[in-house]
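Worksheet for the structure shown next.
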Amino acid sequence: MTLYRDPERISGIDITGTNAAEEAFGSDSDVLHPETRAVHITAPSLHGCHPLSVPLYQSSAFAFDHPDILAEAMSRPDGAFVYSRRGNPTVRALEDAVADLEGGSAALATASGMGAISAVLLSLLNTGDHVIAQRCLYGGTYSLLSELTSRFGIQVSYISGADADEVRAVVRPTTRLLYLETISNPIVRVADVPGLMAAGQELGLIGVVDNSFASPMLCRPLEFGADVVIHSSTKYLGGHSDVTGGIAVFATRQQYEACWKIAVELGSTADPFAAWLTIRGLQTLSLRMQRHCDNAARLSRNLADHRAVEAVHWPGHPDHPDHTLAKCILADFGGVLAFDLVGDREAGRDFLAGLRLISLAPSLGGVETLALHPASTSHRELDVDALHAAGIGEGTVRVSVGLEHPDDLWKDIEQALSHV
Ligand SMILES: *Cc1c(COP(=O)(O)O)cnc(C)c1O
(Lines give C-alpha, C1' and ligand atoms only; values in the text may rest on other atoms or scores of the structure.)
Protein backbone atom coordinates (compact mmCIF):
# COMPACT_ATOMS: atom_id res chain seq x y z
CA MET A 1 0.00 0.00 0.00
CA THR A 2 1.53 3.31 -1.03
CA LEU A 3 0.31 6.36 0.77
CA TYR A 4 2.20 9.02 -1.15
CA ARG A 5 2.31 9.00 -4.91
CA ASP A 6 5.18 11.40 -5.41
CA PRO A 7 7.68 10.56 -2.70
CA GLU A 8 10.39 13.05 -3.63
CA ARG A 9 8.28 16.12 -3.57
CA ILE A 10 6.82 16.79 -0.16
CA SER A 11 8.98 18.54 2.45
CA GLY A 12 12.09 16.54 1.59
CA ILE A 13 10.86 13.71 3.83
CA ASP A 14 11.10 10.11 2.71
CA ILE A 15 7.41 9.55 2.54
CA THR A 16 6.92 6.19 0.94
CA GLY A 17 4.36 4.67 3.24
CA THR A 18 4.25 0.92 3.58
CA ASN A 19 1.66 -0.87 5.61
CA ALA A 20 3.62 -2.25 8.56
CA ALA A 21 1.54 -5.42 8.52
CA GLU A 22 2.26 -5.94 4.83
CA GLU A 23 5.95 -5.44 5.45
CA ALA A 24 5.98 -8.15 8.09
CA PHE A 25 4.33 -10.70 5.83
CA GLY A 26 5.53 -9.69 2.38
CA SER A 27 3.21 -8.24 -0.22
CA ASP A 28 0.48 -10.88 0.07
CA SER A 29 -1.71 -8.96 2.50
CA ASP A 30 -4.58 -11.39 1.80
CA VAL A 31 -3.23 -13.57 4.57
CA LEU A 32 -4.04 -10.91 7.15
CA HIS A 33 -7.45 -10.73 8.78
CA PRO A 34 -9.51 -7.51 8.70
CA GLU A 35 -8.97 -7.12 12.47
CA THR A 36 -5.20 -6.88 11.85
CA ARG A 37 -5.47 -4.63 8.79
CA ALA A 38 -7.73 -2.17 10.65
CA VAL A 39 -5.07 -1.75 13.34
CA HIS A 40 -2.09 -1.37 10.99
CA ILE A 41 -3.07 1.77 9.11
CA THR A 42 -0.23 3.21 7.06
CA ALA A 43 1.76 6.08 8.52
CA PRO A 44 4.39 7.83 6.41
CA SER A 45 8.05 7.25 7.22
CA LEU A 46 10.30 10.10 8.31
CA HIS A 47 14.07 9.79 8.02
CA GLY A 48 14.13 6.05 8.60
CA CYS A 49 11.39 5.76 11.20
CA HIS A 50 7.67 6.23 10.97
CA PRO A 51 5.02 7.51 13.38
CA LEU A 52 2.94 4.73 14.93
CA SER A 53 -0.24 6.69 14.38
CA VAL A 54 -1.17 8.53 11.18
CA PRO A 55 -0.36 12.24 11.72
CA LEU A 56 -2.99 14.91 11.25
CA TYR A 57 -1.95 16.96 8.21
CA GLN A 58 -4.00 20.03 9.05
CA SER A 59 -2.87 21.93 5.97
CA SER A 60 -5.20 23.36 3.34
CA ALA A 61 -2.54 23.46 0.61
CA PHE A 62 0.91 22.11 -0.27
CA ALA A 63 3.88 24.04 -1.65
CA PHE A 64 6.01 22.89 -4.60
CA ASP A 65 9.61 23.43 -5.63
CA HIS A 66 8.87 23.77 -9.34
CA PRO A 67 5.84 24.90 -11.39
CA ASP A 68 6.06 21.86 -13.69
CA ILE A 69 5.67 19.49 -10.75
CA LEU A 70 2.66 21.42 -9.48
CA ALA A 71 1.12 21.37 -12.97
CA GLU A 72 1.64 17.61 -13.20
CA ALA A 73 0.20 17.04 -9.70
CA MET A 74 -2.94 19.03 -10.51
CA SER A 75 -3.76 16.92 -13.53
CA ARG A 76 -4.67 13.70 -11.71
CA PRO A 77 -6.33 12.47 -8.51
CA ASP A 78 -3.36 10.22 -7.67
CA GLY A 79 -0.73 12.91 -8.16
CA ALA A 80 1.06 14.61 -5.27
CA PHE A 81 -1.11 16.44 -2.75
CA VAL A 82 -1.89 19.97 -3.88
CA TYR A 83 -4.94 21.32 -2.11
CA SER A 84 -6.82 19.49 0.65
CA ARG A 85 -10.24 19.63 -1.04
CA ARG A 86 -8.63 17.47 -3.76
CA GLY A 87 -6.63 15.21 -1.47
CA ASN A 88 -4.79 15.21 1.84
CA PRO A 89 -2.34 12.69 3.36
CA THR A 90 -4.46 12.03 6.45
CA VAL A 91 -7.60 11.67 4.36
CA ARG A 92 -5.75 9.39 1.93
CA ALA A 93 -4.63 7.13 4.79
CA LEU A 94 -8.29 6.70 5.79
CA GLU A 95 -9.34 6.09 2.18
CA ASP A 96 -6.65 3.46 1.67
CA ALA A 97 -7.52 1.72 4.94
CA VAL A 98 -11.25 1.51 4.20
CA ALA A 99 -10.64 0.49 0.56
CA ASP A 100 -8.41 -2.28 1.90
CA LEU A 101 -11.01 -3.44 4.46
CA GLU A 102 -13.83 -3.49 1.89
CA GLY A 103 -11.64 -5.09 -0.80
CA GLY A 104 -11.94 -2.15 -3.23
CA SER A 105 -9.49 -0.46 -5.62
CA ALA A 106 -9.87 3.03 -4.17
CA ALA A 107 -12.04 5.03 -1.78
CA LEU A 108 -13.24 8.60 -1.51
CA ALA A 109 -13.74 10.11 1.95
CA THR A 110 -16.42 12.80 2.19
CA ALA A 111 -17.74 15.35 4.65
CA SER A 112 -20.71 13.13 5.58
CA GLY A 113 -22.48 9.94 4.54
CA MET A 114 -24.84 12.05 2.44
CA GLY A 115 -21.79 13.70 0.85
CA ALA A 116 -20.68 10.24 -0.33
CA ILE A 117 -24.17 9.23 -1.49
CA SER A 118 -24.73 12.46 -3.46
CA ALA A 119 -21.28 12.32 -5.09
CA VAL A 120 -21.79 8.67 -6.07
CA LEU A 121 -25.27 9.24 -7.51
CA LEU A 122 -24.30 12.44 -9.34
CA SER A 123 -21.21 10.81 -10.83
CA LEU A 124 -23.06 7.73 -12.07
CA LEU A 125 -26.44 9.10 -13.20
CA ASN A 126 -27.51 11.17 -16.19
CA THR A 127 -30.83 12.86 -16.93
CA GLY A 128 -33.43 10.25 -17.90
CA ASP A 129 -31.69 7.33 -16.16
CA HIS A 130 -33.74 4.86 -14.14
CA VAL A 131 -32.73 3.64 -10.66
CA ILE A 132 -33.96 0.59 -8.78
CA ALA A 133 -33.77 1.17 -5.02
CA GLN A 134 -34.96 -0.44 -1.83
CA ARG A 135 -38.18 0.92 -0.37
CA CYS A 136 -36.93 1.31 3.20
CA LEU A 137 -33.99 3.58 2.35
CA TYR A 138 -32.28 5.94 4.77
CA GLY A 139 -34.44 9.11 4.82
CA GLY A 140 -31.74 11.41 3.41
CA THR A 141 -31.14 9.04 0.48
CA TYR A 142 -34.85 8.85 -0.23
CA SER A 143 -35.12 12.69 -0.24
CA LEU A 144 -32.10 12.99 -2.53
CA LEU A 145 -33.58 10.50 -5.02
CA SER A 146 -36.90 12.42 -4.91
CA GLU A 147 -35.02 15.63 -5.62
CA LEU A 148 -33.17 14.03 -8.53
CA THR A 149 -36.54 12.81 -9.84
CA SER A 150 -38.32 16.12 -9.70
CA ARG A 151 -35.45 18.31 -10.88
CA PHE A 152 -33.27 16.14 -13.11
CA GLY A 153 -35.66 13.60 -14.61
CA ILE A 154 -34.19 10.55 -12.87
CA GLN A 155 -36.81 7.80 -12.54
CA VAL A 156 -36.86 5.51 -9.49
CA SER A 157 -38.62 2.17 -8.90
CA TYR A 158 -38.74 0.86 -5.35
CA ILE A 159 -38.44 -2.82 -4.42
CA SER A 160 -38.42 -4.66 -1.09
CA GLY A 161 -34.85 -5.96 -1.48
CA ALA A 162 -35.82 -9.51 -0.51
CA ASP A 163 -35.96 -11.09 -3.96
CA ALA A 164 -33.85 -10.87 -7.12
CA ASP A 165 -36.95 -11.35 -9.30
CA GLU A 166 -38.12 -7.91 -8.20
CA VAL A 167 -35.13 -6.42 -10.06
CA ARG A 168 -35.99 -8.33 -13.24
CA ALA A 169 -39.65 -7.24 -12.92
CA VAL A 170 -38.97 -3.49 -12.83
CA VAL A 171 -35.86 -3.17 -15.01
CA ARG A 172 -36.13 -0.85 -18.04
CA PRO A 173 -33.83 -0.13 -21.00
CA THR A 174 -32.82 3.08 -19.18
CA THR A 175 -32.03 1.39 -15.84
CA ARG A 176 -28.50 2.23 -14.80
CA LEU A 177 -28.18 1.63 -11.09
CA LEU A 178 -29.34 -0.72 -8.33
CA TYR A 179 -29.17 0.79 -4.84
CA LEU A 180 -29.43 -1.28 -1.63
CA GLU A 181 -28.72 -1.06 2.08
CA THR A 182 -27.18 -4.17 3.68
CA ILE A 183 -29.29 -3.72 6.82
CA SER A 184 -32.20 -1.28 6.72
CA ASN A 185 -33.49 1.26 9.18
CA PRO A 186 -35.32 1.01 11.57
CA ILE A 187 -36.58 -2.58 11.57
CA VAL A 188 -33.25 -4.04 10.47
CA ARG A 189 -34.31 -6.07 7.44
CA VAL A 190 -31.37 -7.69 5.63
CA ALA A 191 -31.21 -7.30 1.84
CA ASP A 192 -30.36 -10.29 -0.35
CA VAL A 193 -27.18 -8.52 -1.46
CA PRO A 194 -25.64 -11.52 -3.33
CA GLY A 195 -28.90 -12.41 -5.14
CA LEU A 196 -29.79 -8.85 -6.09
CA MET A 197 -26.25 -7.90 -7.13
CA ALA A 198 -26.06 -11.02 -9.34
CA ALA A 199 -29.38 -10.07 -10.98
CA GLY A 200 -28.13 -6.50 -11.43
CA GLN A 201 -24.88 -7.71 -13.01
CA GLU A 202 -26.78 -9.90 -15.48
CA LEU A 203 -28.77 -6.83 -16.49
CA GLY A 204 -25.70 -4.60 -16.74
CA LEU A 205 -26.60 -2.40 -13.74
CA ILE A 206 -24.13 -0.67 -11.45
CA GLY A 207 -24.61 -2.04 -7.92
CA VAL A 208 -24.34 0.41 -5.02
CA VAL A 209 -24.68 -0.75 -1.40
CA ASP A 210 -24.92 1.43 1.70
CA ASN A 211 -23.10 -0.75 4.24
CA SER A 212 -23.27 1.69 7.19
CA PHE A 213 -25.25 -0.61 9.51
CA ALA A 214 -23.01 -3.65 8.92
CA SER A 215 -19.50 -2.15 8.61
CA PRO A 216 -16.81 -4.11 6.75
CA MET A 217 -16.40 -6.31 9.84
CA LEU A 218 -19.83 -7.90 9.25
CA CYS A 219 -20.22 -7.67 5.48
CA ARG A 220 -18.15 -6.71 2.42
CA PRO A 221 -20.63 -6.16 -0.43
CA LEU A 222 -17.90 -5.93 -3.12
CA GLU A 223 -17.34 -9.66 -2.48
CA PHE A 224 -20.99 -10.17 -3.50
CA GLY A 225 -20.61 -8.28 -6.78
CA ALA A 226 -21.35 -4.68 -5.74
CA ASP A 227 -19.47 -1.96 -7.65
CA VAL A 228 -19.63 0.75 -4.98
CA VAL A 229 -19.95 0.53 -1.19
CA ILE A 230 -20.93 3.56 0.87
CA HIS A 231 -20.58 4.27 4.58
CA SER A 232 -21.76 7.01 6.81
CA SER A 233 -18.54 6.93 8.85
CA THR A 234 -20.44 9.08 11.35
CA LYS A 235 -21.79 5.69 12.51
CA TYR A 236 -19.69 2.56 13.19
CA LEU A 237 -16.43 3.48 11.39
CA GLY A 238 -15.93 6.59 13.53
CA GLY A 239 -17.85 4.96 16.34
CA HIS A 240 -17.52 7.60 19.05
CA SER A 241 -20.28 10.09 18.17
CA ASP A 242 -17.65 12.78 17.63
CA VAL A 243 -17.25 12.95 13.86
CA THR A 244 -19.45 13.46 10.80
CA GLY A 245 -18.07 11.77 7.72
CA GLY A 246 -18.70 9.42 4.84
CA ILE A 247 -16.76 7.23 2.47
CA ALA A 248 -17.40 5.51 -0.84
CA VAL A 249 -15.34 2.49 -1.89
CA PHE A 250 -15.05 1.53 -5.56
CA ALA A 251 -14.35 -1.80 -7.23
CA THR A 252 -12.67 0.01 -10.12
CA ARG A 253 -10.36 2.99 -10.28
CA GLN A 254 -12.38 4.42 -13.19
CA GLN A 255 -15.56 4.82 -11.11
CA TYR A 256 -13.48 6.26 -8.27
CA GLU A 257 -11.99 8.92 -10.53
CA ALA A 258 -15.38 10.03 -11.88
CA CYS A 259 -16.75 10.31 -8.35
CA TRP A 260 -13.61 12.07 -7.05
CA LYS A 261 -14.05 14.74 -9.73
CA ILE A 262 -17.68 15.40 -8.75
CA ALA A 263 -16.88 15.46 -5.02
CA VAL A 264 -14.05 17.94 -5.62
CA GLU A 265 -16.43 20.13 -7.63
CA LEU A 266 -19.22 19.86 -5.07
CA GLY A 267 -16.73 20.47 -2.28
CA SER A 268 -17.99 17.46 -0.33
CA THR A 269 -14.59 15.86 0.33
CA ALA A 270 -13.46 15.11 3.89
CA ASP A 271 -11.67 17.42 6.28
CA PRO A 272 -8.33 16.06 7.62
CA PHE A 273 -9.37 16.28 11.27
CA ALA A 274 -12.57 14.31 10.62
CA ALA A 275 -10.48 11.73 8.73
CA TRP A 276 -8.00 11.55 11.59
CA LEU A 277 -10.78 10.90 14.13
CA THR A 278 -12.27 8.27 11.82
CA ILE A 279 -8.89 6.48 11.54
CA ARG A 280 -8.70 6.40 15.32
CA GLY A 281 -12.17 4.85 15.44
CA LEU A 282 -11.45 2.39 12.66
CA GLN A 283 -8.59 0.79 14.57
CA THR A 284 -11.00 -0.51 17.25
CA LEU A 285 -13.87 -1.29 14.86
CA SER A 286 -13.60 -5.07 15.15
CA LEU A 287 -13.66 -5.07 18.96
CA ARG A 288 -16.49 -2.57 19.06
CA MET A 289 -18.60 -4.46 16.53
CA GLN A 290 -18.18 -7.65 18.53
CA ARG A 291 -19.40 -5.96 21.71
CA HIS A 292 -22.24 -4.10 19.90
CA CYS A 293 -23.45 -7.44 18.51
CA ASP A 294 -23.07 -9.34 21.81
CA ASN A 295 -24.97 -6.64 23.71
CA ALA A 296 -27.70 -6.56 21.05
CA ALA A 297 -28.05 -10.36 21.30
CA ARG A 298 -28.47 -10.15 25.04
CA LEU A 299 -31.02 -7.27 24.93
CA SER A 300 -33.02 -8.86 22.13
CA ARG A 301 -33.41 -12.06 24.21
CA ASN A 302 -34.52 -10.13 27.28
CA LEU A 303 -36.91 -7.94 25.29
CA ALA A 304 -38.50 -10.97 23.59
CA ASP A 305 -39.38 -12.37 27.02
CA HIS A 306 -40.93 -9.16 28.35
CA ARG A 307 -44.71 -8.86 28.53
CA ALA A 308 -44.73 -5.17 27.43
CA VAL A 309 -43.01 -6.10 24.16
CA GLU A 310 -44.97 -7.44 21.24
CA ALA A 311 -42.11 -8.20 18.82
CA VAL A 312 -38.34 -7.81 18.59
CA HIS A 313 -36.59 -7.01 15.29
CA TRP A 314 -33.00 -8.20 15.21
CA PRO A 315 -31.61 -10.46 12.46
CA GLY A 316 -29.93 -12.73 15.03
CA HIS A 317 -33.34 -13.68 16.40
CA PRO A 318 -34.46 -17.06 14.91
CA ASP A 319 -37.93 -15.57 14.26
CA HIS A 320 -36.59 -12.66 12.20
CA PRO A 321 -37.76 -13.04 8.58
CA ASP A 322 -34.19 -12.63 7.26
CA HIS A 323 -32.43 -14.77 9.89
CA THR A 324 -31.29 -17.49 7.44
CA LEU A 325 -30.08 -14.94 4.89
CA ALA A 326 -28.34 -12.92 7.62
CA LYS A 327 -26.43 -16.05 8.73
CA CYS A 328 -25.09 -16.40 5.16
CA ILE A 329 -24.06 -12.84 4.43
CA LEU A 330 -23.23 -11.28 7.82
CA ALA A 331 -20.41 -12.29 10.16
CA ASP A 332 -22.68 -11.25 13.06
CA PHE A 333 -26.09 -9.63 13.32
CA GLY A 334 -25.32 -5.99 14.06
CA GLY A 335 -25.72 -3.57 16.91
CA VAL A 336 -29.08 -2.05 16.00
CA LEU A 337 -32.36 -3.59 17.08
CA ALA A 338 -35.96 -2.46 17.17
CA PHE A 339 -38.94 -3.63 19.16
CA ASP A 340 -42.69 -3.05 19.11
CA LEU A 341 -44.24 -2.10 22.40
CA VAL A 342 -47.68 -3.38 23.29
CA GLY A 343 -49.76 -0.22 22.79
CA ASP A 344 -49.48 2.74 20.44
CA ARG A 345 -47.63 6.03 20.00
CA GLU A 346 -48.09 6.94 23.68
CA ALA A 347 -46.37 3.72 24.74
CA GLY A 348 -43.33 4.63 22.63
CA ARG A 349 -43.21 8.14 24.04
CA ASP A 350 -43.65 6.93 27.64
CA PHE A 351 -40.89 4.37 27.22
CA LEU A 352 -38.40 6.95 25.91
CA ALA A 353 -39.37 9.47 28.59
CA GLY A 354 -38.65 6.80 31.22
CA LEU A 355 -35.06 6.04 30.11
CA ARG A 356 -32.33 7.27 32.45
CA LEU A 357 -29.03 5.88 31.16
CA ILE A 358 -29.87 5.45 27.49
CA SER A 359 -30.06 8.74 25.58
CA LEU A 360 -32.88 9.74 23.30
CA ALA A 361 -31.01 10.72 20.13
CA PRO A 362 -30.84 10.09 16.41
CA SER A 363 -27.70 8.51 14.92
CA LEU A 364 -26.24 5.12 15.76
CA GLY A 365 -23.02 3.16 15.92
CA GLY A 366 -21.43 5.09 18.79
CA VAL A 367 -20.05 3.80 22.07
CA GLU A 368 -23.18 4.86 23.99
CA THR A 369 -26.63 3.30 23.64
CA LEU A 370 -29.22 5.51 21.92
CA ALA A 371 -32.96 5.05 21.51
CA LEU A 372 -35.39 6.61 19.07
CA HIS A 373 -39.15 6.48 18.41
CA PRO A 374 -39.32 6.44 14.58
CA ALA A 375 -43.08 7.21 14.36
CA SER A 376 -42.63 10.59 16.06
CA THR A 377 -39.13 11.46 14.80
CA SER A 378 -37.22 9.92 11.86
CA HIS A 379 -40.41 8.68 10.14
CA ARG A 380 -42.84 11.39 11.34
CA GLU A 381 -43.77 12.31 7.77
CA LEU A 382 -45.35 8.88 7.18
CA ASP A 383 -49.03 8.37 8.02
CA VAL A 384 -50.13 5.20 9.81
CA ASP A 385 -50.66 3.24 6.56
CA ALA A 386 -47.27 4.25 5.18
CA LEU A 387 -45.67 3.37 8.52
CA HIS A 388 -47.24 -0.09 8.42
CA ALA A 389 -46.16 -0.56 4.80
CA ALA A 390 -42.59 0.13 5.99
CA GLY A 391 -43.07 -2.43 8.80
CA ILE A 392 -42.95 0.26 11.48
CA GLY A 393 -45.52 0.32 14.27
CA GLU A 394 -46.65 3.36 16.23
CA GLY A 395 -45.06 1.76 19.26
CA THR A 396 -41.80 0.75 17.55
CA VAL A 397 -38.59 1.80 19.29
CA ARG A 398 -35.17 1.61 17.64
CA VAL A 399 -32.09 1.05 19.79
CA SER A 400 -28.47 1.52 18.73
CA VAL A 401 -26.85 -0.74 21.30
CA GLY A 402 -23.61 0.68 22.68
CA LEU A 403 -20.67 -0.77 24.58
CA GLU A 404 -21.95 -0.44 28.16
CA HIS A 405 -22.31 -3.47 30.44
CA PRO A 406 -25.42 -5.30 29.24
CA ASP A 407 -26.79 -5.62 32.79
CA ASP A 408 -26.85 -1.83 33.15
CA LEU A 409 -28.57 -1.44 29.78
CA TRP A 410 -31.19 -4.04 30.62
CA LYS A 411 -31.83 -2.47 34.02
CA ASP A 412 -32.55 0.87 32.35
CA ILE A 413 -34.77 -0.67 29.67
CA GLU A 414 -36.64 -2.76 32.23
CA GLN A 415 -37.42 0.23 34.46
CA ALA A 416 -38.50 2.30 31.41
CA LEU A 417 -40.79 -0.55 30.29
CA SER A 418 -42.51 -0.34 33.67
CA HIS A 419 -43.68 3.20 32.72
CA VAL A 420 -45.50 1.93 29.61
C1 LIG B 1 -26.66 8.13 8.87
C2 LIG B 1 -26.82 7.40 7.59
C3 LIG B 1 -26.57 8.02 6.37
C4 LIG B 1 -26.19 9.49 6.26
O5 LIG B 1 -24.96 9.73 6.85
P6 LIG B 1 -24.53 11.20 7.40
O7 LIG B 1 -23.15 10.96 7.88
O8 LIG B 1 -25.51 11.57 8.45
O9 LIG B 1 -24.62 12.12 6.24
C10 LIG B 1 -26.69 7.27 5.22
N11 LIG B 1 -27.05 5.98 5.26
C12 LIG B 1 -27.31 5.35 6.42
C13 LIG B 1 -27.72 3.93 6.40
C14 LIG B 1 -27.20 6.02 7.63
O15 LIG B 1 -27.48 5.41 8.78
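The values are calculated or read from the model by the stated rules, or taken from the named source; none is laboratory data. Since this is a predicted model, take the numbers as computed values, not measurements. So basically every Cβ, Gly included, is an ideal-geometry build from the backbone, and we count neighbours across all protein chains shown. Side chains are part of the model used for accessible areas, which takes the heavy atoms of the whole protein and leaves out ligands, DNA and RNA. Shrake-Rupley method; radii C 1.70, N 1.55, O 1.52, S 1.80 Å.
The peptide list 253-265, 218-230, 78-90, put in order of mean Cβ contacts within 10 Å with the highest first, becomes 218-230, 78-90, 253-265. Counting only DSSP H runs of at least 4 residues, each contributing -39500 (n - 2.57), and dividing by the residue count of the chain, the helix-based mean residue ellipticity at 222 nm comes to -11500 deg cm²/dmol.
Report the calculated FRET efficiency for GLU310 and ARG76 (r = Cβ-Cβ distance, R0 = 51 Å), to the nearest 0.05. The pair GLU310/ARG76 has a calculated efficiency of 0.35.
Using only the alpha-carbon atoms of the stretch 79-133 as identical scatterers, what base-10 log of I(q)/I(0) does the Debye formula give at q = 0.17, 0.20, 0.26 Å⁻¹? Relative scattering, expressed as log10 I(q)/I(0), comes to -0.68, -0.86, -1.12. Summary of the geometry: the stretch 336-380 and the stretch 63-106, compared by the centres of their Cα atoms, lie 41 Å apart. Using C-alpha pairs under 8 Å with a sequence gap of at least 6, the mean separation divided by the residue count of the chain gives a relative contact order of 15 percent.
Using 0.36 nm per residue and subtracting the Cα-Cα separation, the extra length available between GLU381 and GLU223 on full extension is 53.3 nm.
The listed peptides 369-376, 327-334, ordered by packing as a protection proxy, come out as 369-376, 327-334 (highest mean of other Cβ atoms within 10 Å first). Peptides 186-194, 135-143, 355-363 ranked from most to least packed, by the mean per-residue count of other Cβ atoms within 10 Å: 186-194, 135-143, 355-363.
DSSP bridge analysis restricted to the chain gives an antiparallel fraction near 60%, rounded to the nearest 5. Based on Cα atoms of the chain, Rg over Rh with Rh as the Kirkwood radius reads 0.99. As a calculated quantity, the FRET efficiency between ARG301 and ARG253 at R0 = 45 Å, using C-beta atoms, amounts to about 0.50.
Taking a straight line from the alpha carbon of LYS261, these aspartates and glutamates sit under 19 Å away, with near neighbours fewer than eight places off in the same chain left out: GLU72, ASP78, GLU95, ASP96, ASP227, ASP271.
Given Cα pairs under 8 Å that are at least 6 residues apart, what percent is the relative contact order of the stretch 306-411? Relative contact order for the stretch 306-411 comes out at 28 percent. Put the Cα centre of the stretch 178-192 next to the Cα centre of the stretch 256-309 and the gap is 15 Å. A simple spin-label model places pseudo-atoms 7 Å from Cα toward Cβ; at ASN126 and VAL342 they are separated by 5.9 nm. Averaged over its residues, the stretch 122-181 has an accessible area of 46 Å² per residue, based on protein heavy atoms and a 1.4 Å probe.
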